[in-house]
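Each remark here refers to the structure printed beneath this line.
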Amino acid sequence: MQLSENLRQQLEQHSFPVVHQKTSSFGVTSFVTGDTIHSLLSRCDKALYQAKEHGRNLVEFLQNDINSETNKKASILL
(Lines give C-alpha, C1' and ligand atoms only; values in the text may rest on other atoms or scores of the structure.)
Protein backbone atom coordinates (compact mmCIF):
# COMPACT_ATOMS: atom_id res chain seq x y z
CA MET A 1 0.00 0.00 0.00
CA GLN A 2 2.82 2.40 0.88
CA LEU A 3 4.44 1.80 -2.51
CA SER A 4 1.21 2.82 -4.25
CA GLU A 5 0.89 5.92 -2.10
CA ASN A 6 4.51 6.92 -2.82
CA LEU A 7 3.93 6.50 -6.55
CA ARG A 8 0.68 8.50 -6.37
CA GLN A 9 2.47 11.35 -4.60
CA GLN A 10 5.37 11.35 -7.06
CA LEU A 11 2.99 11.47 -10.03
CA GLU A 12 1.05 14.32 -8.44
CA GLN A 13 4.21 16.36 -7.84
CA HIS A 14 5.77 15.73 -11.26
CA SER A 15 5.52 18.45 -13.89
CA PHE A 16 4.51 16.86 -17.19
CA PRO A 17 5.02 18.53 -20.57
CA VAL A 18 1.83 20.13 -21.94
CA VAL A 19 -0.58 19.09 -19.13
CA HIS A 20 1.83 20.02 -16.31
CA GLN A 21 0.07 18.18 -13.49
CA LYS A 22 -1.74 14.83 -13.35
CA THR A 23 -3.21 12.85 -10.48
CA SER A 24 -3.74 9.11 -10.08
CA SER A 25 -5.83 6.63 -8.16
CA PHE A 26 -4.88 3.08 -7.25
CA GLY A 27 -6.81 0.02 -6.17
CA VAL A 28 -4.76 -2.31 -3.97
CA THR A 29 -5.46 -5.71 -2.48
CA SER A 30 -3.55 -8.64 -1.04
CA PHE A 31 -3.66 -12.33 -1.80
CA VAL A 32 -6.20 -14.29 0.25
CA THR A 33 -6.00 -18.08 0.47
CA GLY A 34 -8.16 -19.52 -2.30
CA ASP A 35 -7.79 -16.51 -4.60
CA THR A 36 -7.65 -17.00 -8.33
CA ILE A 37 -6.16 -14.49 -10.72
CA HIS A 38 -9.74 -13.48 -11.55
CA SER A 39 -10.77 -12.87 -7.91
CA LEU A 40 -7.54 -10.99 -7.18
CA LEU A 41 -7.89 -8.68 -10.20
CA SER A 42 -11.61 -8.23 -9.56
CA ARG A 43 -10.87 -7.01 -6.02
CA CYS A 44 -8.22 -4.59 -7.34
CA ASP A 45 -10.74 -3.27 -9.84
CA LYS A 46 -13.36 -2.76 -7.11
CA ALA A 47 -10.82 -0.92 -4.97
CA LEU A 48 -9.93 1.34 -7.91
CA TYR A 49 -13.60 2.22 -8.46
CA GLN A 50 -13.91 3.00 -4.74
CA ALA A 51 -10.92 5.33 -5.00
CA LYS A 52 -12.57 7.17 -7.88
CA GLU A 53 -15.91 7.33 -6.05
CA HIS A 54 -14.24 8.75 -2.92
CA GLY A 55 -12.80 11.72 -4.73
CA ARG A 56 -9.92 10.42 -6.85
CA ASN A 57 -6.22 11.00 -6.31
CA LEU A 58 -6.03 8.40 -3.55
CA VAL A 59 -5.21 4.78 -2.80
CA GLU A 60 -7.91 2.32 -1.71
CA PHE A 61 -7.14 -1.04 -0.12
CA LEU A 62 -9.73 -3.81 -0.28
CA GLN A 63 -8.94 -6.92 1.78
CA ASN A 64 -11.87 -9.07 0.67
CA ASP A 65 -15.13 -8.67 -1.18
CA ILE A 66 -17.55 -10.92 0.69
CA ASN A 67 -19.71 -7.89 1.48
CA SER A 68 -19.14 -4.25 2.21
CA GLU A 69 -19.71 -4.71 5.96
CA THR A 70 -16.75 -7.08 6.37
CA ASN A 71 -14.33 -5.36 4.02
CA LYS A 72 -11.19 -4.12 5.71
CA LYS A 73 -10.32 -1.06 3.73
CA ALA A 74 -8.08 1.90 4.24
CA SER A 75 -8.21 5.13 2.33
CA ILE A 76 -5.44 7.62 2.12
CA LEU A 77 -7.23 10.86 1.43
CA LEU A 78 -5.66 14.15 0.58
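The values are calculated or read from the model by the stated rules, or taken from the named source; none is laboratory data. None of the values given here were measured: they were computed from a predicted structure. We place every Cβ from the backbone using ideal geometry, glycine too, and count neighbours over all the protein chains shown. The area values use the complete protein model at the heavy-atom level, side chains included, leaving out ligands, DNA and RNA. Shrake-Rupley method; radii C 1.70, N 1.55, O 1.52, S 1.80 Å.
Using a simple spin-label model with pseudo-atoms 7 Å out from Cα toward Cβ, LEU7 and THR23 lie 1.9 nm apart. For the pair GLU53 and HIS14 in one chain, pulling the backbone fully straight at 0.36 nm per residue adds 11.7 nm over the alpha carbon distance. Placing +1 on each Lys and Arg Cβ and -1 on each Asp and Glu Cβ, with no other charges, gives region 13-65 a dipole about its Cα centre of roughly 220 debye.
Solvent exposure of HIS14, expressed as accessible area, is near 90 Å², computed with a probe of 1.4 Å over the protein chains only. Ligands, DNA and RNA are left out, and with a 1.4 angstrom probe the accessible area of region 11-66 is 66 Å² per residue.
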